[in-house]
1. Looking for something on the phi < 0 side of the Ramachandran plot, touching a residue at least 40 places away in the same chain (Cβ under 8 Å), surrounded by fewer than 16 Cβ atoms within 10 Å (Cβ to Cβ) and acidic (Asp, Glu) - is there at least one such residue anywhere in segment 69-83?
2. Which of the residues belonging to segment 68-110 are among the polar types (S, T, N, Q), touching a Leu at 6+ places or on another chain (Cβ under 8 Å) and under 15 Å from Lys211 (Cβ atoms)?
3. Take the conditions open to solvent by 40 Å² or more (accessible area, probe 1.4 Å), of a type outside the set (Val, Ile, Thr) and in contact with a Phe, Trp or Tyr (Cβ under 7 Å, 6 or more places away or on another chain) and apply them to Gln111. Does it pass?
4. Residues that are at negative phi and charged (D, E, K, R), at least 1 per element: which strands (runs of 3 or more DSSP E) completely within segment 92-189 meet that?
5. Name the pairs whose Cβ atoms lie under 6 Å apart, with the first residue in segment 154-181 and farther than 26 Å from Glu59 by Cβ, the second of a type in the set (A, V, I, L, M) and open to solvent by 40 Å² or more (accessible area, probe 1.4 Å), and 6 or more positions between them or separate chains?
6. With the requirement that a residue be open to solvent by less than 60 Å² (accessible area, probe 1.4 Å) and in contact with an Asp or Glu (Cβ under 8 Å, 6 or more places away or on another chain), what does segment 160-177 give you?
7. Please count how many residues of segment 28-61 are part of a strand (DSSP E or B) and touching a strand residue (DSSP E or B) at 6+ places or on another chain (Cβ under 7 Å).
8. Scan segment 68-82 residue by residue and report those that are under 16 Å from Ala234 (Cβ atoms) and among the β-branched types (Val, Ile, Thr).
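The values are calculated or read from the model by the stated rules, or taken from the named source; none is laboratory data. Bear in mind the structure is a predicted one, so any value in this text is a computation, not a measurement. Glycine also receives a Cβ, built like all others from the backbone with ideal geometry; neighbour counts cover every protein chain displayed. Note: areas computed on protein heavy atoms with side chains; ligands, DNA, RNA excluded. Shrake-Rupley method; radii C 1.70, N 1.55, O 1.52, S 1.80 Å.
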Amino acid sequence: MMKKSNLILFASIIGCMTLGVMSPLTAAAIDTATTPGHIELEENDDPTGPVDPEDPSKEMTPPDPYNPGTGNAGPLSIDVVPTSLEFGTQKMYSTAHTYDGQKQAVDHVRQYIQISDNRDSGTYGWSLTVKQDDYLKNLSHTLTGATISLPVGTARNSLNATPTDVDTRLTTTAVDITNTDKTVFATTKDDASPTVGKGQSTSVWTPEQVKLMIPADTAKAGDYTNTLTWTLTAVVHS
């Protein structure tokens, strides 16, 4: 018969073995060392190339000859504007008449604006305006009062969860272009998402949606041109 003292010793040994299985020993650290991580961020002043206006998270491939990049430097930049607002060769009228914009070729299916905003985190907000240098004119005559009209565009943004969806936080406005700046594309204030308009934002329409109205008793035979200027301005939302 096992003595009581031996029984206690045997039980203690079994208990230690069990604890060893359930709770393995933790190795103690003998020494430590450190390695620092480092990066210095600088403003991104590189130009941004054209993206697909219907999915601005993707680059435009192949390049679109009717909407090439401006090459403007960032971090807040106008990347794309239409190469031309073309109305072709048309019959003239003594009464007021409105002409539709024309495709430059069969594959010219869209015109668009692209804005990039790569400024500091927490800095957002911009507004794009357009104006003309003068009415359409040639060396001998000006089509005084002739008005080019831009339609409401469809706005998208590259940072949205679904970049192909319309971005309702961006505003696009139909405008009659004059000799003073008119806002055509802009961000709205959104406290819940201070990333409005960051990344790449696009506003797209078709060439036929652009209109030219020539007033009555204004037209004369000839070839007419003018120049549009697009201006991007940083906006502080308060």
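1. Scanning segment 69-83 turns up no residue that is on the phi < 0 side of the Ramachandran plot, touching a residue at least 40 places away in the same chain (Cβ under 8 Å), surrounded by fewer than 16 Cβ atoms within 10 Å (Cβ to Cβ) and acidic (Asp, Glu).
2. Within segment 68-110, just Thr98 meets the criteria.
3. No.
4. 97-100, 111-117, 126-132, 154-157, 182-187
5. Qualifying pairs under 6 Å: Ala174/Val152.
6. Asn160, Pro163, Arg169
7. Here the count works out to 5.
8. Within segment 68-82, Ile78 is the sole residue that qualifies.
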